[in-house]
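Heads up, the thing below is written out as structure tokens.
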């Protein structure tokens, strides 16, 4: 049984043709009444017109029915598509929530093990120090994974405030102090106490930590410099480490790309610099990179 919409569509479809044929019939009748056409010819013409109109109605009805069926099928497919998209997004969110919870739970035994290694009986043991360094690296990877998951979930969750750079950088350096000692790296920080930027504190902290972590990974017995230029509004993280091959530079911010150094040392997850680039774009920051193999790298964060 056709519904109201289908009937209205059918009437709109046949109205122009029906009107035109009706005008032709009226014209023929007028001509016949004026004596310009015999009645038998006029009746024959009207019969032909009515027959043609009936054939047209059949085809128009089929066309409207077919179009309605296709419209309903398209609507059904679009509804199923939306449902699939919602289900996919929900599964992705559930997976992200699971891994985020797993990361939180994994950090608990890492913290507990680190506290045990800080006990008086083990604090000076060289093996304990090396184990603690490895735990610190694991904790760093866990933090990076948590930052990545949170960034993917809260893509627009940015709170712009005045962020003092020196306390932010100093806090990060404290967390990496054991690795600096183990690597025999010299750390220099040249950031004015008054230096601040308008940014998201959490996002900026993750960005800077990834740059410092990257410098620590590839610097042994060298120097890491963190400085800020008030005039240029530029934060620079510079190291005298392994450096980045020229062919790797265009791809270092791609997700999952580890480059030659990462593959050679098996220390790269391919997420760190991807996080840096993603956060920088969300905070309207620019990242400039200079590097030379065997001499080191310099990452510059340019603030608006």
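Mind listing just one residue for me: the one in the range 37-48 that is loosely packed, with under 15 Cβ neighbours inside 10 Å and at pLDDT below 80 and, of those, farthest from residue 4 (Cα to Cα)? Here the answer is 38.
Among (1) under 19 Å from residue 293 (Cα atoms); (2) surrounded by 16 or more Cβ atoms within 10 Å (Cβ to Cβ), where does residue 221 come up short? The failed condition is (2).
Residue count for the range 173-194 under the criterion of being under 22 Å from residue 291 (Cβ atoms), in contact with a strand residue (DSSP E or B) (Cβ under 9 Å, 6 or more places away or on another chain) and assigned to a helix (DSSP H, G or I): the result is 2.
Going by what's in this entry, would residue 9 be described as in a helix (DSSP H, G or I) and at pLDDT below 75?
Details: in a helix (DSSP H, G or I): yes; at pLDDT below 75: yes.
Yes, satisfied.
Residues in the range 195-218 that are out of contact with any helix residue (DSSP H, G or I) (no Cβ under 8 Å at 6 or more places or on another chain) and closer than 23 Å to residue 291 by Cα: 215 only.
The values are calculated or read from the model by the stated rules, or taken from the named source; none is laboratory data. Not measured: the values here are computed from a predicted model. All Cβ positions, glycine included, derive from the backbone under ideal geometry; neighbour counts span all protein chains shown.
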